[in-house]
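Reviewing the structure listed below.
The values are calculated or read from the model by the stated rules, or taken from the named source; none is laboratory data. On a predicted model such as this, the values are computed, not experimentally measured, just so you know. Neighbour counts run over all protein chains shown; Cβ positions are idealised from the backbone, glycine included. The protein model used for the area step is the full one, side chains on, heavy atoms only, and it has no ligands, DNA or RNA in it. Shrake-Rupley method; radii C 1.70, N 1.55, O 1.52, S 1.80 Å.
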Amino acid sequence: MHKGFIFDLDGVIVDTAKFHYLAWRKLANNLGFDITEDQNEQLKGISRLRSLEIILEWGKVNLSQDQFMEQMALKNDNYLSYISSMTKKDLLPGVSNVIDYLSENNIPFALGSASKNARIILEKTGLIQKFNAVVDGNDVSKAKPNPEVFLIAASKIKIEPENCVVFEDSVAGIQAANKAEMISVGIGEKDILNEADFIFSDFSEIKIDFINQLIKSQI
Ligand code: BG6
Ligand code: MG
């Protein structure tokens, strides 16, 4: 039985979750309110459009359609300026190790991200060629926790969903992986990601032995 791996991007491969938070916070502050880190947890893995709707509900702010689109564009410009100088040095610790191992052993792996900026980041960090498939916010109609993004990724790497392992840092992403009947590996805090099948605080905690056990279906 062949296994495949699906990586979320923001907060798993690169530490961009903090930049999304900074950019959303700036937007909220400009509209006269603030968002907390706890609120930000609920935005992880959520599409740009849905995130803005949620944030405006929190701030009880009503915007016209034009103003809404303008704020989305402003947020993204801001976010893009944060990631503009990103290089492979910005990969989170331990991620390259696992990606290189999968690559060298011809184990298929895909990206499954809600972000429409995913390809830019994979290019900047030198990873784009390594992935067997990239599925991002441009390819899906239903956002996490809907499993669509992971199901498309699984079909692109031609691995049955139940043989896929998903690395995720968001609650919505773990729920999406679970709904897809994939093995979910949470990257982050145990209290937050408690629905995951396995949880690690970061990739440097994930040993190749664990990856091999997953590949051989020993766990
Ligand atoms: C997810 C992030 O990966 O992508 C969210 O966790 C973000 O915070 C979403 O809103 C959409 O990203 P982008 O880059 O298309 O605005
Ligand atoms: Mg993420």
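Before moving on, here are some points about what is shown:
- Test: residue in segment 65-77 that is open to solvent by 50 Å² or more (accessible area, probe 1.4 Å), in contact with a helix residue (DSSP H, G or I) (Cβ under 7 Å, 6 or more places away or on another chain) and over 16 Å from Leu127 (Cα atoms): yes
- Within segment 1-23, the residues that satisfy the criterion of being within 14 Å of ligand 2 (Cβ to nearest atom) and either in contact with a Cys (Cβ under 9 Å, 6 or more places away or on another chain) or of a type outside the set (D, E, K, R) (or both) are Ile6, Phe7, Leu9, Gly11, Val12, Ile13, Val14, Thr16, Ala17, Phe19, His20, Tyr21.
- Given (1) of a type outside the set (Val, Ile, Thr); (2) away from ligand 1 (no atom under 12 Å from the Cβ); (3) under 17 Å from Gly173 (Cα atoms); (4) modelled with pLDDT under 95, index of the condition Ser47 fails: (2)
- The criterion of at least 1 residues that are within 16 Å of ligand 2 (Cβ to nearest atom), in contact with a helix residue (DSSP H, G or I) (Cβ under 6 Å, 6 or more places away or on another chain) and under 19 Å from Val12 (Cα atoms) is met, among strands (runs of 3 or more DSSP E) falling completely within segment 127-219, by 133-135, 164-168, 183-187.
- Test: Phe33 is surrounded by fewer than 18 Cβ atoms within 10 Å (Cβ to Cβ), among the aromatic types (Phe, Trp, Tyr), farther than 17 Å from Tyr79 by Cβ and more than 13 Å from the chain's Cα centre (by Cα): yes
- Residue count for segment 83-126, restricted to those that are assigned to a loop (DSSP other than H, G, I, E, B) and either surrounded by 17 or more Cβ atoms within 10 Å (Cβ to Cβ) or touching a His at 6+ places or on another chain (Cβ under 8 Å) (or both): 9
- Residue within segment 111-120 that is more than 15 Å from ligand 2 (Cβ to nearest atom) and in contact with a strand residue (DSSP E or B) (Cβ under 8 Å, 6 or more places away or on another chain) present: yes
- Restricting Ser103, Ser47, Ser85 to those that are under 19 Å from the mean Cα position of the chain (by Cα) and either small (Gly, Ala, Ser) or assigned by TED's automatic domain parsing to the domain that holds Leu127 (or both) reduces the list to Ser47.
- The set of residues in segment 36-53 that are surrounded by fewer than 16 Cβ atoms within 10 Å (Cβ to Cβ), under 17 Å from Ala114 (Cα atoms) and away from ligand 2 (no atom under 16 Å from the Cβ) comprises Leu49, Glu53.
- Qualifying residue in segment 1-21 (condition: within 11 Å of ligand 1 (Cβ to nearest atom), open to solvent by 20 Å² or more (accessible area, probe 1.4 Å) and more than 22 Å from Leu111 (Cβ to Cβ)): no
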